[in-house]
Amino acid sequence: MRIDYPLFILIIFLSLWGLYFFYGVSFQYHYFYKFLIFNFFLPFLMFFVGYFLDWRFLLRISKILFFISLFFLILPFFDFFKLDGQETARWFYFYGFSFQPSELIKLSTLLFFASILPLIKKNIEYFYISLVLIIVISLIIYFQPALSNLLIFLSIFIGGLMAINIKWENIFIIFILISIFILFAFFWSYRSERIISILKGDEVGLGFQLSQSRLAIGSGGLLGKGLGNSELKLIGLPLMITDNIFSIYAEETGFIGSILLIIFFVILILRVVYLGILSYDDSKKFFAFGLSCWLSIQIYIHLMANLAISTGIPLPFFSYGPSSQVAIMTALGIVSKFRK
């Protein structure tokens, strides 16, 4: 079992880059210390846990992990387990401990379906059983509500299936279901209100966050204002250190810095795909391609949230989002040993 050094070096580079950048953003230092512990050290610990655990052992325990994740995904719908002040069911909270179960379900779903892949390929009935499970989980995430996480979750499943030559008509069925989910999601009250506010050019109400994000990105120019010199962070924009971190990054590093970051993200994703291609094991291919779709969609949603829509999701390595970063780093740790 040998670690893939190009992937590992990329991860270290992006992690240190994100840590250094976040230091400048978090002018209130308690945010930086939380980021250092929960967004840097803890994810790296989980990276090595994922790396050192045997792949066959992970597949054996994947069913247990999957149903534990599903259990935690349901609990936040009960008021006792909701995060204080939250009307949504996105966060599990219990006596000071909180995390987003939707992040855990992404990782456990990848492992679970990788473990039952031989059954899915041999028997069409298992494919449809799997599809029912995906629909059930998708509905739970939909009613949280969390459209961004729903899109990522569904992309993981499709990306994995496309890597192992599942019949195209079956993938087409999933595509139709995704389209229906997205259609319903956009008619969800809070989502439709945000879309209307954007179309009307509202820069005071729901559109304020988006207008400020765009302003910051545009004001960065070619080379940016310099690290730590963002004016947007002084406003104290809601979700500044999570969903809107790219706006501050673009303001401080400009067009050149933004393009460089996107290039490194693309290299990271392509490396994960490459490790999947190198593997002759279909379960590993499923995992690697599913993870590459996860990273691609999450990064894309974050960037588009800062440019075109008013809500998003944490940017890997840069945003404060321990649940997301821990899940991603664990998955990267697992895939880093796929090279023989």
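Since every read-out is calculated from the coordinates, none of them should be taken as a lab result. Nothing here was measured: the structure is a model prediction, and the numbers come from that model. Methodologically, a virtual Cβ is constructed for each residue, glycine included, from the backbone with ideal geometry; neighbour enumeration extends over all protein chains shown.
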With each pseudo-label sitting 7 Å past Cα toward Cβ, what's the F57-V132 distance in nm, one decimal? 3.4
Cα-Cα longer than 27 Å, checked against K106/K337; K34/K106; K82/K121; K122/K285; K34/K82, kept in input order, equals K82/K121
Gain on full stretching of the segment that runs from I277 to F41 - 0.36 nm per residue minus C-alpha separation: 82.0 nm
For the pair K122/Y20, report the inter-label distance in nm, with labels modelled 7 Å from Cα in the Cβ direction. 5.2
Note: region 239-340 at 25 °C, 0.890 mPa s; Kirkwood Rh on alpha carbon pairs; Stokes-Einstein D in µm²/s works out to 171
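Compute the Kirkwood hydrodynamic radius of region 18-115, taking the inverse of the mean of 1/r over all pairs of distinct Cα atoms, and give it in Å to one decimal. Write down the numbers at each step before the final one.
Details: mean 1/r = 0.0646 Å⁻¹.
It works out to 15.5 Å.
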